[in-house]
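The values are calculated or read from the model by the stated rules, or taken from the named source; none is laboratory data. Computed from a predicted model, the values in this text were never measured in an experiment. Every residue, glycine as well, gets a Cβ built from its backbone with ideal geometry; the counts of neighbours run over all protein chains shown.
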Amino acid sequence: MSNSRYRPVPHSDGQLGRPVERPGYSNQDKMSSSSQGTTMKVMNSPGTDCALTNCAYVSPSDLPRFVLRQGLSSGLGLVGNSMQGDVLDKYQQRVKSSNLVQSASMLFIAEMSRFVPPERGFNLVLLTVELEFVKFRGKPEQLDAQILAKELQKRFAGQVLTVGQKVTFEYVGTNYTFCVNQTLLEGNSGNDDSTRGILTSETHFMFETPGNSGIKMLNQSGGSSTNLFKSKDFNFQKLGIGGLDNEFQDIFRRAFASRVFPPHVISKLGIPHVKGMLLWGPPGTGKTLIARQIGKMLNGREPKIVNGPEILSKFVGETEKNVRDLFADAEKDQREHGDGSELHIIIFDEIDAICKARGSTRDGTGVHDSIVNQLLTKIDGVESLNNILLIGMTNRKDMLDEALLRPGRLEVQIEIGLPDEKGRVQILNIHSNKMKQNSFLSENVNLEELAARTKNFSGAELEGLVKSAVSFALNRQVNFDDLNQSLDEDNIKVTMDDFLHALQEVKPAFGAAISSLEMCRLNGMLDCGPRHKRIQETGMALTEQVKTSERTPLLSCLIEGPSGSGKTALAATIAIDSDFPFIKIVSAESMVGLTESTKCGIIGKIFEDAYKSPLSIIILDDIERIIEFVNIGPRFSNLILQTLLVLIKRVPPKGRKLLVIGTTSMRSVMESMDVVSAFNVAVHVPMLNHEDIKKVLAGLNVFAPRDVDSALAVLDEEMPIKKLLTLVEMSAQGKSGEGAEAVYAGKEKIDISRFVDCYNDLAS
């Protein structure tokens with residue numbers, strides 16, 4: 001008995017059927033036509049050799065009812081079914097007249113009809129199928145997607161396939177089943193609801209494998225790119241993060257660009273995905289917020305957020321187990337889905353707490369070393385994972401183990417630094433956006449001006465500034481005499497004055513220590529003559545050179561001269577007038593009683609903080625006191641001295657500029673210790689001569705014109721300015737301590753005899 005093959009046309013519910021006009025059918029189905037139905041009896045197949053062809057078999061006498069064109073030798077046809085029932089699309093032989101042979105779970109009568117497909121737009125361009133074993137025997141298989149696709153194109157070319165249909169086939173001695181999940185027809189952008197089409201040699205297959213299927217697809221190409229991000233754009237300002245445009249470009253390029261492409265592209269390139277990223281920088285710059293928002297933007301699993309100390313446990317081996325548990329889900333997912341597994345994100349906040357350099361801790365347990373070893377093997381060990389992204393955050397990058405920072409581990413290291421002026425505008429806009437939307441922000445608030453005033457403010461400090469400004473606005477609406485009084489919400493307005501008051505409260509951690517500098521020049525800067533003015537001009541020229549020159553990111557200036565000659569006041573004035581965002585002063589008085597190593601640590605930290613700011617000034621005041629120099633002996637701290645010599649010459653990182661100003665009263669001692677040669681410029685501050693003293697006294701306006709020359713006649717040829725100001729202050733006080741305010745207000749003048757008496761007291 002000859003056999004004729006027919007094409008079954010399953011509906012989307014998995015049943016064979018004639019396309020009829022009913023809800024849920026596509027317009028493409030309506031275009032097809034079918035002949036009058038023929039009642040046939042469904043039978044089981046007597047053998048399995050033709051059960052894997054996706055065809056139904058009828059008797060030759062029934063063939064004319066179904067063939068599309070008469071005269072076909074093979075009797076190819078398309079069959080429709082108008083009856084409801086569970087007909088499985090498998091195929092058999094040796095059929096009696098009026099019988100339809102398929103593998104069926106039950107025998108029933110089916111009404112079959114010929115199906116005529118549309119003339120155009122019915123060819124399948126893309127077929128997405130879910131592949132699995134007919135019977136999984138516990139042995140996983142790896143299949144080449146391109147070779148398998150060509151085999152399926154060859155076997156099932158010309159057959160109609162529909163969404164929901166299951167097709168069984170044999171490949172390399174193993175039986176598989178694929179279920180059609182999605183179809184894309186010729187000339188269709190994918191927006192239509194078409195669910196069926198004819199398979200051709202040009203149809204592209206996309207294979208998906210369910211969990212626990214045991215099948216891993218290799219070399220899969222084409223189709224759409226990986227849908228890694230929930231949103232189409234990589235815009236972090238919408239998530240409340242501003243001022244980091246360049247950093248996010250680096251993050252996307254290095255950590256996420258490879259994950260956007262299909263796995264086969266990365267496989268052909270022969271590179272693994274980036275598995276680790278380190279965000280480091282000063283506190284308050286938004287490292288933790290960035291990591292959390294990255295997790296929210298991705299379509300992977302919900303990120304695991306771990307604070308470093310949470311990993312530690314008092315039980316032996318429990319800490320290492322906690323590290324392994326973090327990767328357990330990713331390991332299971334990769335075993336089941338291979339390259340198709342979801343991205344698992346693990347966020348380590350304060351990673352320096354658990355990943356210190358091995359051998360640096362002396363607790364006797366070796367726990368910290370074991371944590372680092374366990375983490376290294378999980379990230380980049382023998383059975384390394386390709387579906388993880390570890391994000392670590394720290395403000396102490398120097399404390400991390402070096403092996404953790406090499407490529408293959410936390411290889412992407414992004415510095416989240418202090419925002420520039422453009423970034424500060426973005427951050428202020430983010431934190432004031434709701435106020436603006438709800439009409440609580442006054443029109444006189446100029447965020448650009450605030451951004452210019454808030455140099456070296458971190459993101460957290462800018463948020464604190466906005467909070468402080470709002471508190472001033474809210475405080476105006478509160479009646480402290482009657483706290484139960486109803487509040488008028490419509491009158492709440494945050495004004496520019498509120499922000500200016502907030503600037504007096506909120507100070508940046510990496511800002512200029514203006515208050516400390518002002519203490520170094522309590523009497524302000526007086527006109528001491530051309531020599532001192534020349535020194536000040538030299539200092540300002542150095543600050544301009546540091547600002548503008550790309551060739552000198554580091555400059556140093558040593559101001560030396562007799563004790564009391566005004567060196568510290570000059571250094572403080574140069575620093576204040578420079579308008580640098582970061583200014584710190586290192587003096588012995590702030591380190592009284594500390595050990596040598598502690599002092600070195602403090603000095604080193606100040607320099608490290610300076611490297612985080614684009615423009616910085618560090619003042620080393622009274623260097624001989626900092627190094628604990630004593631003439632008797634002589635004695636000094638070589639540890640502190642070597643620390644200073646190294647740091648004074650250390651070039652700051654790229655994009656950072658530093659001016660170091662030192663002061664000393666012992667030039668000869670500094671020369672013998674090579675301190676003078678460590679500075680680029682050394683300037684001498686002389687004592688005041690009579691011409692300089694006359695200028696100072698004229699500026700103070702505390703003597704009658706006739707007494708100025710008399711006062712000069714009493715004084716030495718040279719005098720330190722500090723001694724002169726002390727003498728003037730003593731003379732202005734009067735014998736009983738009265739009259740100083742009247743003298744400085746210009747109402748009274750210093751008595752010359754009182755001045756002479758005070759000078760004699762000082763001289764003695």
Task: Among (1) more than 29 Å from the chain's Cα centre (by Cα); (2) touching a residue at least 60 places away in the same chain (Cβ under 8 Å) - the single one Met525 does not satisfy - done: (2)
Open item on the list: If I ask for residues that are surrounded by fewer than 16 Cβ atoms within 10 Å (Cβ to Cβ) and either aliphatic (A, V, I, L, M) or not in a helix (DSSP H, G or I) (or both), which ones from segment 690-711 would you list?
Closed with: Ala698, Asn701, Ala704
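Here is a check on your reading of the model: is Met730 surrounded by 15 or more Cβ atoms within 10 Å (Cβ to Cβ) and closer than 27 Å to Gln536 by Cβ? Break it down into steps so the answer makes sense when it comes.
Working: surrounded by 15 or more Cβ atoms within 10 Å (Cβ to Cβ): yes; closer than 27 Å to Gln536 by Cβ: no.
When the stated conditions are applied, Met730 does not pass them.
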Task: Test: residue in segment 585-608 that is among the aromatic types (Phe, Trp, Tyr), within 20 Å of Ile648 (Cα to Cα) and part of a helix (DSSP H, G or I) - done: yes
Task: Filter result (buried (at least 19 other Cβ atoms within 10 Å of the Cβ), among the hydrophobic types (A, V, I, L, M, F, W, C) and out of contact with any Cys (no Cβ under 8 Å at 6 or more places or on another chain)) within segment 534-554 - done: Ile535, Val546
Open item on the list: Given the condition farther than 23 Å from Phe122 by Cα, at pLDDT below 85 and part of a strand (DSSP E or B), answer yes or no: does some residue in segment 158-181 qualify?
Closed with: no
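Test Ser313 against the stated conditions and say whether it is farther than 20 Å from Met393 by Cβ, in contact with a Ser or Thr (Cβ under 8 Å, 6 or more places away or on another chain), at pLDDT below 80 and not hydrophobic (A, V, I, L, M, F, W, C).
Values: farther than 20 Å from Met393 by Cβ: yes; in contact with a Ser or Thr (Cβ under 8 Å, 6 or more places away or on another chain): yes; at pLDDT below 80: yes; not hydrophobic (A, V, I, L, M, F, W, C): yes.
So Ser313 passes the test.
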- [ ] Search segment 708-723 for residues that are more than 19 Å from Gly564 (Cβ to Cβ) and pair each with any residue that is crowded, with 16+ Cβ neighbours inside 10 Å when their beta-carbon atoms are under 6 Å apart and the residues are at least 6 apart or on different chains.
- [x] Val708/Leu697; Ser710/Ile752
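Give Arg114, Arg120 a once-over and let me know the one that is out of contact with any strand residue (DSSP E or B) (no Cβ under 9 Å at 6 or more places or on another chain), at pLDDT 50 or above and more than 30 Å from His337 (Cα to Cα).
Working: Arg114 fails: out of contact with any strand residue (DSSP E or B) (no Cβ under 9 Å at 6 or more places or on another chain).
The unique qualifying residue is Arg120.
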Task: Test for Asp716: is it more than 30 Å from Val630 (Cα to Cα) and either crowded, with 18+ Cβ neighbours inside 10 Å or among the acidic types (Asp, Glu) (or both) - done: no
TODO: With respect to Ser370, determine if the residue is under 17 Å from Lys275 (Cα atoms), out of contact with any strand residue (DSSP E or B) (no Cβ under 9 Å at 6 or more places or on another chain), among the hydroxyl-bearing types (Ser, Thr, Tyr) and not assigned by TED's automatic domain parsing to the domain that holds Gly214.
DONE: no
TODO: Give just the number: which of (1) in a helix (DSSP H, G or I); (2) in contact (Cβ under 8 Å) with a residue 24 or more places away in the chain does Thr285 not satisfy?
DONE: (1)
TODO: Within segment 494-529, work out how many residues are touching a Leu at 6+ places or on another chain (Cβ under 7 Å) and buried (at least 17 other Cβ atoms within 10 Å of the Cβ).
DONE: 6
Open item on the list: crowded, with 17+ Cβ neighbours inside 10 Å, at pLDDT 80 or above, in contact with a helix residue (DSSP H, G or I) (Cβ under 7 Å, 6 or more places away or on another chain) and not charged (D, E, K, R): is that true of Phe205 in this structure?
Closed with: yes
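Yes/no per residue for (1) of a type outside the set (Lys, Arg); (2) over 30 Å from the mean Cα position of the chain (by Cα):
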| site | (1), (2) |
| --- | --- |
| Val494 | yes, yes |
| Leu503 | yes, no |
| Phe510 | yes, no |
| Ser515 | yes, yes |
| Arg534 | no, yes |
| Glu550 | yes, no |
| Leu555 | yes, yes |
Task: Residue within segment 403-417 that is crowded, with 21+ Cβ neighbours inside 10 Å, touching a residue at least 40 places away in the same chain (Cβ under 8 Å), in a helix (DSSP H, G or I) and assigned by TED's automatic domain parsing to the domain that holds Phe252 present - done: yes
TODO: Only residues that are of a type in the set (A, V, I, L, M) and either surrounded by 22 or more Cβ atoms within 10 Å (Cβ to Cβ) or at pLDDT below 90 (or both): list them for segment 570-584, please.
DONE: Leu570, Ala571, Ala572, Ile574, Ala575, Ile583
Task: segment 624-663, residues that are crowded, with 17+ Cβ neighbours inside 10 Å, touching a strand residue (DSSP E or B) at 6+ places or on another chain (Cβ under 9 Å) and under 19 Å from Leu554 (Cα atoms) - done: Leu644, Leu647, Ile648, Pro652, Arg656, Lys657, Leu658, Leu659, Val660, Ile661, Gly662, Thr663
TODO: Could you list all residues from segment 629-653 that are in a loop (DSSP other than H, G, I, E, B) and in contact (Cβ under 8 Å) with a residue 40 or more places away in the chain?
DONE: Phe629, Ser637, Arg650, Val651, Pro652, Pro653
TODO: Out of Val134, Val167, report the one residue that is out of contact with any Pro (no Cβ under 7 Å at 6 or more places or on another chain) and surrounded by fewer than 15 Cβ atoms within 10 Å (Cβ to Cβ).
DONE: Val134
